[in-house]
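Below is one structure; the comments refer to it alone.
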Amino acid sequence: MVPFLDLKKINESFQPALGEAIARTVESGWYLLGNEVKEFEKEYASYIGTGHCVSCANGLDALTLIFRAYIEMGIMKPGDEVIVPGDTFIATFLAISECGLVPIAVDVDPVTLQIDINKMKEALTQKTRAVAIVHLYGRCSFAESVAEFCKKNDLKLIEDNAQAAGCKYTSTLRTGSLGDASGHSFYPGKNLGALGDGGAVTTNDAELARMIRTLAFYGSEKKYIFNYCGRNSRLDEIQAASLRVKLPRLDEDNERRREIARRFQAEIVNPEVTLPFPDGDKAGENNVFHLFPILAKNREQLQDSLSKKGIQTLIHYPVPPHLQRCYKGKIPVRFPLPVTEYIASHELSLPISPVMTDEEVRIVIDAINNPS
Ligand SMILES: Cc1ncc(COP(=O)(O)O)c(C=O)c1O
C-alpha cells in the first residue's frame, strides 16, 4: 500500500518538538494574536525574503485579502480584470471574484503547465489591473518577461504560492517574493503544513501589509474603531507554534521531494505517460514538487491499475474553474483553453512526500512501467 500522502507519518517525523510546541502554547494561556504568531511572521518573512508577512486563516483568505486591500487603497475597483491561468485550484479564481473583480482565464503552456506568457499578453484590456500567477504543482511560474509586462502596463503581480512553499526562482530569490504580493496556504497537506488551516500574505509593500492586517482584524486598526468592513481571519497560536517547528526543515524536505521526482523522471518509462520535465532534470532544479503531475493517455485505466496494486493517486483537477457550475454565465470565458482542458482530462498526481521510502518509490515506478 502506497498512500498518496501520509500526514500522520509526516507529523510523527517532527516529534517530540511538535508536541512540545503545542503543549507550550496550551500552557501559555494565550491562543490568538500572541508571540508565536508574531515570531512565525518574522521567521516566514525572512525565509521568503520579504519585508512583511501577515498571517491569516487560510490560503483563500490570503489571496482575497490582497485584492480587497487593493480595492480599499483605490488601486483596483469592482469590474476590473485580473488575468489568471486556466489551470489552477479554484481558490485563485474565488479570491478575485469574491472582490467583484473579473478573472480572465488564459491557457497554460503544454510543457511547463504554467501560464502561457504570450496568451497572457493577448488578454490585456483597458480594465486589466493585475496578473495572478500560480506556482502550480510546486513549479515556479515567474519569468522576467511577466514582471516586465506588468511593469509596462501598470499591473500588480500577485503570486499564488499555495503549492510552492520553499520554491526558488534563482539560488537567492524565492517564490512569494517576486511579485507585489503573494498568498500562501498552510493547509495540512501543503509542503509547509499546519495541523489545521492557516495562511499568510508576504509583500514588500508596507502600506499593503498594513491594510491587509486591518482588514483581517474586522477592519480595525484602533480598538473598537472600524474604518473598513473587514473580516476575522487569523492564524492561531497553536498553528503558528507548529509551523515554527516545521519551517527550519522545509528546504531539506523539499530536497527529498526533488530526489523522488528525479527518480520518477529518470525511471518511469511508459509510452502512454508524459512526465513533467521532458526537458530533463534542469527544469526540476528549483521545483518543490508539491505534486508530481503526469499526463496519462488513458488516465482512468492507469489510475485503476495503480489502485489495484494499492497505490493511491489523485487528480489535480478534474474540472477547471471556468467550467465549474458556480461560474456558469458569471464570468467571461474569452479565450479557448485547450491545454487547460487537456490537463483536466489527463492529469494524474503520483504519491510524493518527504516521508516516502525508496521502496515505495520503486513500487510506484514498477507499477507504472508494468501496468496491467
Ligand atoms: C493553488 C492554490 N491556491 C489557493 C489555495 C487555497 O488555500 P487554502 O486551502 O489554505 O484556502 C490552494 C489550496 O488549497 C491552492 O492549491
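No value in this document is a laboratory result; all are computed from the given coordinates. As the structure is a computational prediction, the values presented were derived from the model and not from experiment. Virtual Cβ from ideal backbone geometry, glycine too; neighbours counted across all protein chains shown.
Quick notes on this structure:
- FRET efficiency for the Gln312 to Gln15 pair, using the beta carbon distance and R₀ = 30 Å, is estimated at 0.80.
- The length gained by stretching the chain between Cys229 and Lys330 to full extension, at 0.36 nm per residue less their Cα-Cα distance, is 33.9 nm.
- Overall, the chain carries a charge dipole of about 760 debye about its Cα centre when +1 sits on the Cβ of Lys and Arg and -1 on the Cβ of Asp and Glu, all other atoms neutral.
- Working ranking of peptides 170-176, 52-58 by packing, defined as the average number of other Cβ atoms within 10 Å per residue, highest first, is 52-58, 170-176.
- A straight chain from Thr172 to Glu27 at 0.36 nm per residue would run longer than the Cα-Cα distance by 48.4 nm.
- For segment 28-60, the residues whose backbone nitrogen is under 15 Å from a point 7 Å from the Cα of Arg210, taken along Cα to Cβ, are 52-53.
- Excluding same-chain neighbours fewer than eight residues apart, the lysines reachable from Lys328 by a Cα-Cα span under 29 Å are Lys77, Lys119, Lys121, Lys127, Lys156, Lys297.
- Computed over segment 7-248, the Cα gyration tensor eigenvalues convert (square root of 5λ each) into semi-axes of 30, 22, 14 Å, ordered from largest to smallest.
- For Lys38 and Asn369, the difference between the fully extended length at 0.36 nm per residue and the C-alpha to C-alpha distance is 114.3 nm.
- Rounded to the nearest 500, the 222 nm mean residue ellipticity of the chain from helices alone is -11500 deg cm²/dmol, with -39,500 (n - 2.57) taken per DSSP H run of at least 4 residues.
- Spin-label pair Asp251/Ser305, simplified geometry with 7 Å Cα→Cβ offset, distance in nm: 4.1
- Selection from Phe264, Gly199, Gln114, by position along the positive dipole direction of the chain (Cβ): Gly199
- Residue of Gly138, Gly189, Gly19 that the Gaussian network model of the chain assigns the largest fluctuation, springs spanning Cα pairs under 10 Å: Gly19
- For segment 44-197, a simple Cβ point-charge model (Lys and Arg +1, Asp and Glu -1, everything else neutral) yields a dipole of about 240 debye relative to the Cα centre.
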